[in-house]
Amino acid sequence: MAAIVFQANKDTGITYAYESVSYWDKEKQQSRARRKLIGKVDQETGKIVPTRKPCPSEETDSPKRRGPKTTDVCTRTFYGATYLLNTIGDKIGITRDLKTCFPDTYKPILSLAYYMILEEGSPLYRFPKWASLHHHPYGKEISSQRSSELFQSISEDDKQHFFRRQGKRRCETDYLAYDTTSISSYSNTLRKVKYGKNKEHDPLPQINLALLFGEQSMIPVCYRLLPGNIADVKTIENLLKELDFLDIQKLNLVMDRGFYSESNINELFKNHHKFLIGVKLSLNLVKAHLDKSRGVMVTRGHYSSKSSIYYDTIMTDWDYTELKSVAAK
C-alpha cells in the first residue's frame, strides 16, 4: 500500500515529500515501509515540486535514441522488370548514348520508354500510377502534359545524333537489315497518310515506316516516316541517303525481294555497298541458272546444317550501267 509522507527539515525549513510503500518483513515478522523521495513542498502553493528529472518511462515524449532514424512511411515498389531493362540498356549502349545526346532529360526518357514497353497499349496519363508502384530511372511522376512537353523538346538534330551513335555500335558486330511496314490511319490531317499497297490488305490510307536495324540483335538503328503511296522499291534512295548520313564505313545490307530493281542494284554498286537481296524466280537472270542448280542442291554436299537449308552458289556477271546526268545548257 502506497502513501505520501511529508517530513520537514528543522535546519533548512524545507518540507520534503516521500512516497511510502508498506510491505511485510518475513524475517522480523512485522510491517515495515520503504520511502522514496519524490520532491519538496512549495511553501506558497503547497504543491510538490519534483527534485529530479522524470525517467524516460515517465516522460510524455519519446526519448531521443542513438542509431538510425525510423520512418513513418513504408512503401513497396516492383523492381524486377525495370532492373532487367536497366541491364539491357547498359549492355547494348542505349543508356550511355541517351545520356550523351540528352544529358538533362535522359532519365525521364528512359522511364517513359520502360512504361511503354511494360504497359504496352496503355495511355501516358496512367504513368503516375505505374511510377508509384515501380522503381524506374527518373524516380518521380511524369504528368501527361509533362510527357508531351518532353517529346516536343527532342529536336531533329538530337535524334540524328543518337541514330549515328547507335549505327556505329550495331555495325561493329552485326548486319544491318532494312524493311518497311505500313500503318493504317483514319487521319485526314497527316500529310504522309496516302493510299498505297497495304501488306495487310486493309482498305485504308496508310503511312509507311522504314526501319534500319541489326539483323541479329533486332535493335533499331534509325527510322523514317514515308508517304503511304511510296513502294518499297522506291525507298532504296532514302536508304542510301540514311547510310551517308550515318557515316557508316563498313556495311552489309540484307533486303527482301520487294526492294529489287535494276536501278537499285546499280545504285548499290555505285556506292560500293555490300548487300544480300532476294529476287523473284521469274527473272531471266534466275531462270538461266535455276534448272541447273535444282539437281545439285539435293545432295549432301549442298546442305547447311547450321541454317537447315539446301543451297547452291553460282558466280555470274552483272551488266552494270550508270547514267550520268547531263548539265542543262
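Each value in this text was obtained by applying a stated rule to the coordinates, not by laboratory testing. All figures in this text were calculated on a predicted structure; none of them were measured in a lab. Here the Cβ positions follow ideal geometry from the backbone for every residue, glycine too, while neighbour counts run over all protein chains shown.
So if we plug the beta-carbon distance of Arg300 and Lys241 into 1/(1 + (r/R0)^6) with R0 = 56 Å, what FRET efficiency do we get, rounded to 0.05? Before the final figure, lay out the partial values.
Numbers: r = 45 Å, r/R0 = 0.81.
Efficiency for this residue pair is about 0.80.
Given R0 = 56 Å, the distance between the Cβ atoms of Val49 and Tyr83 translates into a calculated FRET efficiency of 0.35. How tilted is helix 106-118 with respect to the longest principal axis of the chain? Cα atoms for both, answer in degrees (0 to 90, nearest 10). The answer is roughly 80 degrees. If I model a spin label as a point 7 Å beyond the Cα along the Cα-Cβ vector, how far apart are those points for Leu276 and Tyr23 in nm? Placing both labels 7 Å beyond Cα along the Cβ direction yields 9.5 nm.
The modelled label-to-label distance between Arg32 and Asp319, using points 7 Å beyond Cα along the C-beta direction, is 12.9 nm. Against the chain, whose longest principal axis is taken from its Cα atoms, helix 144-153 shows a tilt of about 50°.
Spin-label pair Tyr195-Leu118: with each label point 7 Å from Cα along the Cα-Cβ axis, the two points sit 4.5 nm from one another.
Springs join every pair of Cα atoms under 10 Å in this Gaussian network model of the chain, and among Gly301, Gly121, Gly139 the largest mean-square fluctuation is at Gly301. Gain on full extension, evaluated as 0.36 nm per residue between Val41 and Asp256 minus their Cα-Cα distance, stands at 67.1 nm.
What is the count of Lys pairs in the stretch 2-49 whose alpha carbons sit under 27 Å apart, if the two are 8 or more places apart or on different chains? Step by step, the pairs that qualify in the stretch 2-49 add up to 6. For the listed peptides 195-208, 75-88, a ranking on the average number of other beta carbons within 10 Å per residue, highest first, reads 195-208, 75-88.
Compute a Gaussian network model of the chain, connecting alpha carbons closer than 10 Å, and tell me which residue from Met255, Met315, Met116 fluctuates the most. In the Gaussian network model the winner is Met315. Please find, in a Gaussian network model of the chain (springs between Cα atoms separated by less than 10 Å), the residue of Glu27, Glu267, Glu237 whose mean-square fluctuation is greatest. In the Gaussian network model the winner is Glu27. Taking the Cα atoms of the chain, the ratio Rg/Rh between the radius of gyration and the Kirkwood radius comes to 1.44.
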